[in-house]
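**Student:** Below is the structure I would like to discuss, written out as C-alpha cells.
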Amino acid sequence: FGDYELVEEIARGGMGVVWKARQASLNRSVALKMILAGRFAGEADVRRFHTEAEAAANLQHPNIVAIHEVGEHDGQHYFSMDYVEGKNLAELVREGPLPAAQAATLVKTIAEAIHYAHQRGTLHRDLKPSNVLMDATGQPRITDFGLAKQLARDSGLTQTGAVMGSPSYMSPEQAAAKHDLVGPASDVYSIGAILYHLLVGRAPFVAETPVDTLRKVMEEEPVTPSKLNPKMPPDLETICLKCLEKKSERRYGTARALAEE
C-alpha cells in the first residue's frame with residue numbers, strides 16, 4: 001500500500017479499518033487507518049475521515065496517539081499514526097476490576113490529556129475503554145477521534161437528531177441527540193463512565209439493545225459502585241458519581257478539575 005507494507009488488521013469499526021503496517025522508507029511500525037468503503041466512500045465519509053485526522057494531528061500530547069501522515073493511495077484515503085503495542089482498557093479490565101489507586105491514576109492521566117484537547121478546541125465525543133490503549137510503559141494513550149468536534153467551528157457532519165457515540169459511555173445529552181448541549185462536560189461524563197468500568201468491571205449502563213441502553217443513560221441512575229465492589233474508597237465513588245450526573249452543570253466544569261480532584 002504505497003510506502004506501507006500491511007502486516008495485520010488490528011481494528012475495525014463502522015467507518016474505518018486499522019492495520020499494523022511497516023513504513024518502508026523509515027523502517028518503522030505504524031498503525032494505518034483507512035476508510036472502510038475504500039474508493040467507494042462518499043463525500044461525507046471522506047470529510048469525516050479528514051476531520052478525525054485533522055483533530056488528532058493538531059494534538060501533540062504524550063497521552064494522545066500521534067498522527068504522522070495523511071494521504072491518498074489509489075483512491076483510498078488513509079492516515080498513519082503511532083503503533084501502540086498493548087491492550088486497550090476494555091481488554092485490561094476483562095479479568096476483573098482494577099485496584100482503586102491504579103484506576104484513579106489512569107483516569108487522572110486521561111482527564112489531563114482530554115483537558116489539553118479541549119484547550120485546543122477539540123471534543124472527543126467517543127471516549128470509552130476500547131479507545132484508550134496501554135503502551136509498553138503502562139501509560140494510557142487516547143485514540144479514535146472519529147467523532148471529534150472542533151469547538152470553534154461545527155463541521156456540519158453531525159446530523160440533526162442523530163445519536164453520536166457509544167451508548168454505554170455517552171452522556172445523557174448525547175443519548176438524547178441534543179447536540180447543542182454537547183461540550184467539555186460531555187467528555188467528563190464519558191471519563192467518569194470509564195472510571196466506573198475500571199472500578200467495577202462493567203459500564204454504568206448496559207442493556208440488551210442499544211436503544212434500551214440509551215433510555216437507561218437518559219432516565220436511570222447508575223448502580224452505586226460500592227454495591228458492585230465493596231472495596232471502593234468512598235472518595236473515589238463520589239468523584240465517579242459526580243462525573244455521571246445527568247445535568248452537565250452538576251459535573252466537573254473541566255476535565256482538569258476532575259484530574260485535580
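**Student:** Compute the long axis of helix 43-57 from its Cα atoms, compare it with the longest principal axis of the Cα atoms of the chain, and write down the angle in degrees, 0 to 90, nearest 10.
**Tutor:** In the chain, helix 43-57 runs at an angle near 70 degrees to the longest axis.
**Student:** Okay, next question. Under a point spin-label approximation (7 Å from Cα along Cα-to-Cβ), what is the Asp3-Lys246 distance to one decimal in nm?
**Tutor:** For the pair Asp3/Lys246, the computed spacing is 5.2 nm.
**Student:** Ok, one more. Kindly sort Asp135, Asp74, Asp45 by accessible area of their heavy atoms, largest first, with the probe set to 1.4 Å.
**Tutor:** Asp74, Asp45, Asp135
**Student:** When the helices in the chain are scored as -39500 (n - 2.57) per DSSP H run of 4 or longer and the sum is shared across all residues, what 222 nm value do you end up with, to the nearest 500 deg cm²/dmol? Each step should come with its number before you reach the end.
**Tutor:** Values: 9 runs with 90 residues, N = 261.
That calculation yields -10000 deg cm²/dmol at 222 nm.
**Student:** Order these peptides, 243-255, 209-221, by their mean beta-carbon neighbour count within 10 angstrom, highest first.
**Tutor:** Descending packing order for the listed peptides: 243-255, 209-221.
**Student:** Right, next: Along the charge dipole of the chain, Cβ charges K/R +1 and D/E -1, which of Val30, Ser248, Ile67 sits furthest on the positive end?
**Tutor:** The Cα lying farthest towards the positive end belongs to Ser248.
**Student:** Let me know the charge dipole size of the chain about its Cα centre in debye, to the nearest 20, where only the beta-carbon of Lys, Arg (+1) and Asp, Glu (-1) is charged.
**Tutor:** Numbers: 29 positive and 34 negative charges, 87 e Å.
Using Cβ point charges on Lys, Arg, Asp and Glu, the chain gives about 420 debye.
**Student:** Could you order Phe1, Phe79 by accessible surface area, starting with the largest, using a probe radius of 1.4 Å?
**Tutor:** The ordering from most to least exposed comes out as Phe1, Phe79.
**Student:** Among rounded, prolate and oblate, which fits the chain when a ≥ b ≥ c are the square roots of the eigenvalues of its C-alpha gyration tensor, a/c under 1.5 means rounded, and a/b larger than b/c means prolate?
**Tutor:** Verdict is prolate for the chain.
**Student:** Gaussian network model of the chain, Cα springs within a sub-10 Å range: biggest mean-square fluctuation belongs to which of Ala207, Ala176, Ala185?
**Tutor:** Ala207
**Student:** Could you compute the net charge surrounding Arg28? Neighbours are other residues with a C-beta less than 14 Å from the C-beta of Arg28; K and R count +1, D and E count -1.
**Tutor:** Net charge around Arg28: -3.
**Student:** Continuing with the same structure: So which of Lys178/Lys231; Lys33/Lys247; Lys216/Lys242; Lys108/Lys231; Lys128/Lys216 end up more than 29 Å apart, counting from Cα to Cα? Intermediate results must be reported in sequence, preceding the final value.
**Tutor:** On the way: Lys178/Lys231 36 Å; Lys33/Lys247 35 Å; Lys216/Lys242 17 Å; Lys108/Lys231 20 Å; Lys128/Lys216 17 Å.
Cα-Cα > 29 Å for Lys178/Lys231; Lys33/Lys247; rest within.
**Student:** Nearest 10 degrees, 0 to 90: what angle lies between the long axis of helix 100-119 and the longest principal axis of the chain (Cα atoms)?
**Tutor:** 60
The values are calculated or read from the model by the stated rules, or taken from the named source; none is laboratory data. In this text, all values refer to a predicted model and were calculated from it rather than measured experimentally. Neighbour counts are summed over all protein chains in view; Cβ atoms, including those assigned to glycine, are modelled from backbone coordinates with ideal geometry. For the accessible areas, the whole protein counts, side chains as well, though only heavy atoms, and no ligand, DNA or RNA atoms are used. Shrake-Rupley method; radii C 1.70, N 1.55, O 1.52, S 1.80 Å.
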